[in-house]
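Peer 1: Please read through the structure below; I'll follow up with questions.
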Amino acid sequence: MKRVLKSPISQIISDKITYKSKGDNSKLGSLLLKEQKGFCAYTEHYIGFEDANDTEHFNPNLKDQPEDNYYNWYKVKHLPNQRKTNSWIEPILMPYAEDFEHRVIYNEGEYFAKPDDDEANNLIILLDLNNQKRVEDRKNYIKRRRESINDRKLQTDIEIKKYFQDKIDNEINSISYLRAIQEEFGIDIWNMIPEL
(Lines give C-alpha, C1' and ligand atoms only; values in the text may rest on other atoms or scores of the structure.)
Protein backbone atom coordinates (compact mmCIF):
# COMPACT_ATOMS: atom_id res chain seq x y z
CA MET A 1 0.00 0.00 0.00
CA LYS A 2 1.23 3.42 -0.92
CA ARG A 3 0.97 6.41 1.36
CA VAL A 4 -2.17 8.41 0.58
CA LEU A 5 -1.29 12.06 0.11
CA LYS A 6 -3.48 14.54 1.95
CA SER A 7 -3.11 18.26 1.35
CA PRO A 8 -3.72 20.97 3.95
CA ILE A 9 -4.91 23.15 1.05
CA SER A 10 -7.37 20.58 -0.33
CA GLN A 11 -10.52 22.00 -1.86
CA ILE A 12 -12.41 19.78 0.58
CA ILE A 13 -10.96 21.81 3.44
CA SER A 14 -11.14 25.23 1.78
CA ASP A 15 -14.76 24.71 0.68
CA LYS A 16 -15.66 23.21 4.09
CA ILE A 17 -17.11 20.09 2.49
CA THR A 18 -18.31 17.58 5.03
CA TYR A 19 -19.59 14.03 4.90
CA LYS A 20 -23.39 13.79 5.11
CA SER A 21 -24.71 10.45 6.39
CA LYS A 22 -28.08 10.94 4.76
CA GLY A 23 -27.14 13.29 1.99
CA ASP A 24 -25.34 13.73 -1.29
CA ASN A 25 -21.61 13.10 -0.96
CA SER A 26 -20.86 13.04 -4.68
CA LYS A 27 -18.75 16.22 -4.61
CA LEU A 28 -16.73 14.92 -1.66
CA GLY A 29 -16.24 11.58 -3.41
CA SER A 30 -15.23 13.21 -6.68
CA LEU A 31 -12.66 15.41 -4.96
CA LEU A 32 -11.19 12.50 -3.00
CA LEU A 33 -10.96 10.43 -6.18
CA LYS A 34 -9.28 13.35 -7.95
CA GLU A 35 -6.71 13.71 -5.15
CA GLN A 36 -6.06 9.96 -5.32
CA LYS A 37 -5.64 10.18 -9.12
CA GLY A 38 -8.45 7.67 -9.59
CA PHE A 39 -6.92 4.91 -7.45
CA CYS A 40 -8.39 3.04 -4.51
CA ALA A 41 -6.60 4.02 -1.32
CA TYR A 42 -6.53 0.43 -0.06
CA THR A 43 -6.03 -1.84 -3.09
CA GLU A 44 -4.23 0.60 -5.41
CA HIS A 45 -6.49 -0.52 -8.26
CA TYR A 46 -7.82 2.08 -10.64
CA ILE A 47 -11.46 2.93 -9.91
CA GLY A 48 -13.17 2.87 -13.28
CA PHE A 49 -16.46 4.46 -14.28
CA GLU A 50 -18.46 1.30 -13.58
CA ASP A 51 -16.66 0.23 -10.40
CA ALA A 52 -18.70 0.35 -7.21
CA ASN A 53 -16.85 2.57 -4.75
CA ASP A 54 -17.31 4.20 -1.38
CA THR A 55 -16.28 7.29 0.48
CA GLU A 56 -14.60 5.48 3.34
CA HIS A 57 -14.18 6.55 6.93
CA PHE A 58 -10.83 5.01 7.83
CA ASN A 59 -11.75 5.12 11.50
CA PRO A 60 -15.41 4.07 11.43
CA ASN A 61 -15.87 5.25 15.03
CA LEU A 62 -15.54 8.84 13.85
CA LYS A 63 -18.41 8.64 11.36
CA ASP A 64 -21.09 11.21 12.28
CA GLN A 65 -18.87 12.60 15.03
CA PRO A 66 -17.51 16.16 15.16
CA GLU A 67 -13.94 14.76 14.88
CA ASP A 68 -14.67 13.13 11.51
CA ASN A 69 -12.85 15.09 8.83
CA TYR A 70 -10.91 15.14 5.58
CA TYR A 71 -8.01 13.17 7.04
CA ASN A 72 -10.36 10.26 7.83
CA TRP A 73 -11.98 10.09 4.36
CA TYR A 74 -10.70 8.01 1.46
CA LYS A 75 -12.07 6.80 -1.85
CA VAL A 76 -12.03 3.01 -2.03
CA LYS A 77 -13.51 0.20 -4.07
CA HIS A 78 -16.66 -1.16 -2.49
CA LEU A 79 -15.76 -4.83 -2.05
CA PRO A 80 -12.36 -4.27 -0.37
CA ASN A 81 -14.05 -1.75 1.89
CA GLN A 82 -16.59 -4.38 2.91
CA ARG A 83 -13.78 -6.84 3.60
CA LYS A 84 -11.94 -4.44 5.90
CA THR A 85 -12.10 -5.87 9.39
CA ASN A 86 -14.94 -4.50 11.51
CA SER A 87 -12.78 -4.40 14.63
CA TRP A 88 -11.10 -1.04 14.98
CA ILE A 89 -7.56 -1.47 16.30
CA GLU A 90 -5.48 1.13 18.13
CA PRO A 91 -2.87 2.39 18.02
CA ILE A 92 -2.89 2.54 14.24
CA LEU A 93 -0.81 4.15 11.53
CA MET A 94 -2.83 6.58 9.46
CA PRO A 95 -2.61 6.11 5.67
CA TYR A 96 -1.40 9.71 5.22
CA ALA A 97 1.48 9.49 7.74
CA GLU A 98 4.64 11.01 6.26
CA ASP A 99 6.73 8.03 7.36
CA PHE A 100 4.16 5.50 6.10
CA GLU A 101 6.39 3.87 3.48
CA HIS A 102 9.29 3.54 5.92
CA ARG A 103 7.07 1.78 8.43
CA VAL A 104 4.89 -0.36 6.15
CA ILE A 105 7.58 -2.18 4.23
CA TYR A 106 6.94 -3.86 0.90
CA ASN A 107 8.84 -7.04 0.07
CA GLU A 108 7.99 -9.40 -2.80
CA GLY A 109 4.24 -8.87 -2.71
CA GLU A 110 3.82 -8.70 1.06
CA TYR A 111 3.83 -5.93 3.65
CA PHE A 112 5.77 -5.99 6.87
CA ALA A 113 6.46 -3.77 9.83
CA LYS A 114 9.04 -3.99 12.57
CA PRO A 115 7.78 -6.25 15.38
CA ASP A 116 7.66 -3.36 17.84
CA ASP A 117 5.74 -1.03 15.48
CA ASP A 118 2.21 -1.69 16.73
CA GLU A 119 0.69 1.11 14.65
CA ALA A 120 2.01 -0.26 11.33
CA ASN A 121 1.28 -3.88 12.24
CA ASN A 122 -2.28 -2.95 13.20
CA LEU A 123 -2.82 -1.17 9.88
CA ILE A 124 -1.63 -4.27 7.98
CA ILE A 125 -4.09 -6.38 9.99
CA LEU A 126 -7.01 -3.93 9.74
CA LEU A 127 -6.79 -3.66 5.96
CA ASP A 128 -5.92 -7.34 5.50
CA LEU A 129 -3.00 -6.30 3.30
CA ASN A 130 -1.41 -9.73 3.44
CA ASN A 131 -4.52 -11.68 2.58
CA GLN A 132 -3.21 -14.69 0.66
CA LYS A 133 -5.23 -13.83 -2.47
CA ARG A 134 -4.07 -10.20 -2.45
CA VAL A 135 -0.43 -11.21 -2.05
CA GLU A 136 -0.78 -13.72 -4.87
CA ASP A 137 -2.44 -11.10 -7.11
CA ARG A 138 0.34 -8.57 -6.40
CA LYS A 139 3.05 -11.13 -7.16
CA ASN A 140 1.33 -12.25 -10.37
CA TYR A 141 0.82 -8.65 -11.50
CA ILE A 142 4.52 -7.90 -11.08
CA LYS A 143 5.46 -11.19 -12.75
CA ARG A 144 3.28 -10.32 -15.79
CA ARG A 145 4.81 -6.84 -16.01
CA ARG A 146 8.32 -8.33 -15.87
CA GLU A 147 7.43 -10.86 -18.59
CA SER A 148 6.01 -8.11 -20.78
CA ILE A 149 9.11 -5.97 -20.26
CA ASN A 150 11.38 -8.94 -21.03
CA ASP A 151 9.35 -9.89 -24.13
CA ARG A 152 9.89 -6.35 -25.41
CA LYS A 153 13.60 -6.61 -24.54
CA LEU A 154 13.44 -3.46 -22.43
CA GLN A 155 16.49 -3.11 -20.23
CA THR A 156 17.24 0.45 -19.25
CA ASP A 157 15.43 2.40 -16.58
CA ILE A 158 14.30 4.86 -19.25
CA GLU A 159 12.78 2.06 -21.36
CA ILE A 160 10.99 0.56 -18.37
CA LYS A 161 9.68 3.95 -17.30
CA LYS A 162 8.41 4.54 -20.86
CA TYR A 163 6.67 1.14 -20.77
CA PHE A 164 4.71 2.19 -17.68
CA GLN A 165 4.07 5.69 -19.04
CA ASP A 166 2.52 4.14 -22.16
CA LYS A 167 0.29 1.98 -19.93
CA ILE A 168 -0.76 5.06 -17.94
CA ASP A 169 -1.44 7.11 -21.06
CA ASN A 170 -3.30 4.42 -23.03
CA GLU A 171 -4.85 2.01 -20.55
CA ILE A 172 -4.63 3.39 -17.04
CA ASN A 173 -7.06 0.77 -15.77
CA SER A 174 -4.29 -1.80 -16.38
CA ILE A 175 -2.15 -0.11 -13.73
CA SER A 176 -2.45 -1.55 -10.22
CA TYR A 177 -0.30 -2.01 -7.14
CA LEU A 178 1.47 1.33 -7.30
CA ARG A 179 3.70 0.59 -4.32
CA ALA A 180 4.76 -2.76 -5.79
CA ILE A 181 5.64 -1.07 -9.10
CA GLN A 182 7.57 1.61 -7.24
CA GLU A 183 9.56 -0.89 -5.20
CA GLU A 184 10.04 -3.63 -7.80
CA PHE A 185 10.98 -1.39 -10.75
CA GLY A 186 12.45 1.58 -8.89
CA ILE A 187 10.23 4.16 -10.57
CA ASP A 188 8.13 6.96 -9.10
CA ILE A 189 4.90 5.76 -10.67
CA TRP A 190 2.74 8.16 -8.63
CA ASN A 191 4.29 11.25 -10.21
CA MET A 192 3.94 9.73 -13.68
CA ILE A 193 0.15 9.54 -13.32
CA PRO A 194 -1.60 12.74 -14.42
CA GLU A 195 -4.02 14.66 -12.26
CA LEU A 196 -7.69 13.96 -12.97
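Peer 1: Of the GluC sites (Glu not before Pro) in the range 1-95, which ones lie in a loop per DSSP and count no more than 15 other C-beta atoms within 10 Å?
Peer 2: Filter output for the range 1-95: GLU50, GLU67.
Peer 1: With every protein chain in place, what's the accessible area of HIS102 (1.4 Å probe, Å², nearest 10)?
Peer 2: About 150 Å², ignoring ligands and nucleic acids.
Peer 1: Continuing with the same structure: Taking H placed 1.01 Å from N in the peptide plane, check which residues at least 5 places from LYS2 or on another chain put their amide H under 5 Å from its amide H.
Peer 2: ARG179
Peer 1: Count the net charge of all other residues whose Cβ sits under 15 Å from the Cβ of HIS102, scoring Lys and Arg as +1 and Asp and Glu as -1.
Peer 2: Spelling it out: positives minus negatives among the neighbours equals -2.
Peer 1: Under 19 Å Cα-Cα from LYS27, which lysines qualify once same-chain neighbours fewer than 8 residues away are excluded?
Peer 2: In chain and number order, the partners are LYS6, LYS16, LYS37, LYS63, LYS75, LYS77.
Peer 1: Also: For the range 64-81, in order, what is each residue's ³J(HN,Hα) by Karplus, 6.51 cos²θ - 1.76 cosθ + 1.60 with θ = phi - 60°, in whole Hz (x at glycine and Pro)?
Peer 2: For the range 64-81, the Karplus-derived couplings read 6, 10, x, 7, 5, 7, 3, 6, 9, 9, 9, 9, 9, 5, 4, 4, x, 5 Hz, x marking Gly and Pro.
Peer 1: Using a cut-off of 18 Å between alpha-carbon atoms, which lysines can reach LYS153, once sequence neighbours fewer than 8 places away in the same chain are excluded?
Peer 2: Output for LYS153: LYS143, LYS161, LYS162, LYS167.
Peer 1: For the range 5-65 and the range 149-196, write down the distance between their C-alpha centroids in whole Å.
Peer 2: 25 Å
Peer 1: Can you give the local net charge around PRO91? Use residues other than it whose beta-carbon is closer than 15 angstrom to its beta-carbon, Lys and Arg +1, Asp and Glu -1.
Peer 2: -4
Peer 1: Oh, and also: Arrange the residues THR18, THR43 by how much accessible surface each exposes, largest first, with a 1.4 angstrom probe.
Peer 2: From most exposed to least exposed: THR18, THR43.
Peer 1: Right, something else. List the residues whose amide H sits under 5 Å from the amide H of GLU56, counting only those 5 or more places along or on another chain, with H placed 1.01 Å from N in the peptide plane.
Peer 2: TYR74, LYS75, VAL76
Peer 1: Hey, another quick one. Under 9 Å from the Cβ of GLU119, count the other residues' Cβ atoms, weight Lys and Arg +1, Asp and Glu -1, and hand me the total.
Peer 2: Net charge in that neighbourhood comes out at -2.
The values are calculated or read from the model by the stated rules, or taken from the named source; none is laboratory data. Predicted, not measured: the structure shown is a model, and the values here were computed from it. Because the Cβ atoms are built from the backbone with ideal geometry, glycine has one as well, and the counts that use them run over all protein chains shown. To get the accessible areas, we keep the full protein, side chains included, count just its heavy atoms, and leave off ligands, DNA and RNA. Shrake-Rupley method; radii C 1.70, N 1.55, O 1.52, S 1.80 Å.
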